[in-house]
Every structure is written in structure tokens, then in C-alpha cells.
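Before any comments, here is the structure.
All of the numbers you see were taken from the coordinates with simple rules; none came from a lab. On a predicted model such as this, the values are computed, not experimentally measured, just so you know. We place every Cβ from the backbone using ideal geometry, glycine too, and count neighbours over all the protein chains shown.
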């Protein structure tokens, strides 16, 4: 978001992002107000500056942008970048590559785009069980995966390969957030998870909280907060996905305080 | 054993093994009959031929034997040799090394002797939990460890390192034997495990069988078989550690058949 704001000041004209900058509709709306246009394809960007979003960019889009001589601002998250580098490293060193993650997530798709070979992407140990065996297997994870899932998959693969090389590319901030959210969910009577409905990491966050606290609700904005969720509840917990802007979190917090105050 | 028999034919004089050839007193006795003497230290071997046993040889003993110009017959098990090579490879490539195994076992001690650096040796996940964290960690296993323990330790270490490189050095034959033994233990009324009392892999085999079949008995020879263990038992299961000679297994089998026949 900061990079986009900076870019809007520096290059106010013909500024584009390739795909929504982050998985949060409200933040994207704010960017539109700054004059940043969202385009899904490089072909639709005629000239000017393109911002590559935090999830990373596909190899073919990078090539096209270069060919078109667009000004490139790479806002790929450094943690995501690291995952890309490790994936390439493993591939170049003769490892079959397995990514723990969601095969349709742009981050995973971007990582795969740089590798000229079949890459398996799986989400759980059951899927790992169904795969064949390997001689040399390299494993990385989508940065926002849960560590427990990563661990389960590694355990299954260990049984089916002679050499296993693992780079733990899970974002430490994401892991911390998940652990803290579970801690909170255990102690409260109702848990609110804020973040885009299409955000995988927010979905996982909600799922993890729900395991400890059945009264867990996933919302995108303060308006969606239902008074019924809070009634007769003493303690309300709050957490948010990685790409949720802080002003949305603040709004939700204010609305919760407002609703609780009214009840009393 | 075959290598030792061959050696006894070829070099009948001044033939030694460095330490007992395998962890089975009865087999060792047989070797003594062939004129093969057991010495615990290279210093006690004046001349002639030395056989290095299946567990491998310590670096310092290898150096001493070479210096003394002894004829060397290396009977190190190829699976153990592979574990040694991987340990060295990981060490040379800048990994901290962790061995899943028994720190006092000669196989593990031999592996460590080639590495001029601290090597952690642990037997369970709890011990792994107590260790610090690493940047680059390499893990191998003593060849006769159980896979489940290996897996548990890997899961713990995964959490504490950025890069994890694992060579599964567990002997496939050992794993198969363990799996088959459990299958048998489940189906019988009494389980007999044959092998040296000081053999780690036989101890583990007995422990695994005991989990499925409380009536599990670890013996070294047919003479130790107690008639009471078989009385009122319909089905008797039989398995043996890696270094148990086939003639001992045959003797136990005959004695079981004899005892069961008498009862009827």
C-alpha cells in the first residue's frame, strides 16, 4: 500500500496495477481513488507504470511488460520473493518440486511460472499420500500456509523419498498471527475475523479460530457485523488477515464498542 | 559373516576383527572357531589382517591400521557406508548435522568420528525439542532406527530451522522387518523376538512387537525359550534382529515345534 501511495505521487499519470494489489476490496477501492487503475492483463496497459503486486508476477507478464518498455515497480512481498528464489534454486539443482499451498492462488501460480517443469501443488497430507515417490524432492510453502499443514505434508513425503530438502518459506508474521489468533479465540466468547472473502490466509485464519471457538465470524467490513453475534457475549476477540488495512480493523473495533455500549 | 568366512579361508593366520563382528554372541563364537580373533583396539593387533565390522570403523582406527600396514578387509554394511557418506556430504556443505539414533552405538560413533564438528545425536522428539535452532540443518538416521521416530524428530526440527535437508538413511530391510513383525505380532497369541540382548535393532523390534502383543519375549538362543510362554497359546510368532544368524532362528523354530508337539 505504501509503495502504491508513493508511486501515485511520483507517477500520477498512467499508473496501473496488474490485478488487484491485495486481496481486500476496500483497500483496492482506496487505490482507485488515488488514480491507480487495476488491469488484469498487461495487454490492457497501453503505457506508463505498472505495479506488480505483493503476490508476485508471472514470468510471461514480466517479459511482456519489459517488451512494452513499461516502467516497472515491483511490490512483490520480500517473503514471497524468497519463496520464488528457493523454488528456482531447488529446480535448478535437480529436485522435483512440491509446493504446499493453493494451486489457484496467484502467489503459487507466479512461483510456478518460473519453473519449466511439472510442479505439484497440494493442500493436505491426503493429497501428498496420493502422489508417487521421488528420488530428490524439494518442498516449499505458499507464504501464508499454516505450519501444521506443512508439517503433516512433510511427514508423508519423507516416507516416499530418499532425499528431502525443505525451505520453510512460511511467513513468520503469518504464523505468529495464527498462533496469537488461536490464543485469543480460546479466551473469548465470540471471535471476529476481518479480511477479504477471497483471501486464502483470512479463510485459514477463520478456520483455525473456529476450531477453538465455534462462534467465529468472518467479515469484510464493519457494516457486516451482526449485533446478534455480540449479544450475551462478555468477551469479543478480533483478528485480521494479512492484507486487511488497519483503518478497516479500527472501524470494526469502534463498531463493536458501540454495539456493546448500546446493549448495556 | 560371509566376508569373515572367506577371509578365514584366504588368510587363516593373524586374522582379527576390530570389536565383535556383529551384535550376536553366538555368531561371534562361531567366528572364534574359524580362528578369527576379536580385538577391541588396533594396538592389540600386531600384524596380519583386520576385518572392519558392519557398523563401520572409526577414523582414528582406520588411520592406525593404515599406519601399521595391516591388511584391511572392510565389511562395513553398504547401507551404513551410505549413511556415513551423506553425513560427510552434509557437513562439507555447511549444514549442522543431527543423527537420529543411539549416541553410544558403534555405528553412530563411527559416523561421528569423520566429522570435525559438534554433532547432535538424539533418540526422540522430546530431545529434539530441547535443542536450539538452526539456519541449515541436515538430518540422517542410524540405519536401524524406526521410521516413526525419525518422522517425529523431523517434524520438530522443521519448526526450528529455515532450511532442512534430510537423507533417509534408514535401512529398507530393517523397516520392512519391523512392519512385518508388527503384522505378525497382531495375529498371534505369543511373539518371540530372537537377537543379541545388546543389539539395539533387536531391542526396538521387541518394543514395537510388544505394543501390539503384550506377550512378546526377547531371547538370544533356543535354550532360553520357556515352555510356559507357549502353553495355552494357539499361534506363536517369530522374528529376529538384523544380525541374528539363520541357524539360531532355525533352532528356535525347531524348539517351538518340539515344545508344542509335546503339549498335545
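Highest-first packing order for the peptide set B:217-230, B:82-95 is B:82-95, B:217-230, based on the mean count of other beta carbon atoms within 10 Å. Cα convex hull, chain B: 125 Å³ per residue, rounded to a whole number. The separation of the range A:230-264 from the range B:193-259, counted between C-alpha centres, amounts to 65 Å.
Sorting B:144-154, A:6-16 by average packing, meaning the other beta carbons within 10 Å per residue, from highest down gives B:144-154, A:6-16. Quick note on the range B:158-197: its Rg to Rh ratio, both from C-alpha atoms and Rh being the Kirkwood radius, is 1.23. Per-residue shielding of A:163-170, expressed as the average number of other chain Cβ atoms within 10 Å of the residue Cβ, stands at 5.
Restricting to the range A:178-263, what percent of DSSP beta bridges are antiparallel, rounded to 5? Percent antiparallel among DSSP bridges in the range A:178-263 is about 0. Taking every residue in B:137-148 and counting other chain Cβ atoms within 10 Å of its Cβ, the average works out to 1.
Each principal axis of the range B:108-174 carries a Cα extent, and these read 31, 29, 19 Å when sorted largest first.
Semi-axes of the equivalent ellipsoid for the protein assembly as shown, computed as √(5λ) from the eigenvalues of its C-alpha gyration tensor and ordered from largest down, come to 60, 30, 18 Å.
Add -39500 (n - 2.57) for each DSSP H run of 4 or more in chain A, then divide by its residues: what number comes out at 222 nm, to the nearest 500 deg cm²/dmol? Before the final figure, lay out the partial values.
Numbers: 11 runs with 119 residues, N = 264.
Only helices count here, giving -13500 deg cm²/dmol.
Going by neighbour counts of Cβ atoms within 10 Å, the residues B:71, A:41 line up, fewest first, as A:41, B:71. Placing a label point 7 Å from Cα along the Cα-to-Cβ axis, residue B:189 is separated from the same position in the other copies by 6.1 nm, shortest listed first. For the range A:177-264, the equivalent ellipsoid derived from the Cα gyration tensor has semi-axes of 19, 15, 10 Å, listed largest first. Cα convex hull, the range A:96-223: 110 Å³ per residue, rounded to a whole number. Computed over every Cα-Cα pair of the range B:171-215 and binned at 10 Å starting from 0, the pair-distance distribution P(r) comes out as 31, 57, 12 percent. Dividing the C-alpha radius of gyration of the range A:30-96 by 2.2 N^0.38 Å, with N its residue count, gives 1.31. Volume of the convex hull of the range A:37-164 (Cα atoms only), normalised per residue: 105 Å³.
Relative contact order of chain A: 14 percent, from C-alpha pairs under 8 Å at least 6 residues apart in sequence.
Note on the range B:76-130: Cα-Cα pairs beyond 14 Å make up 52% of the total pair count.
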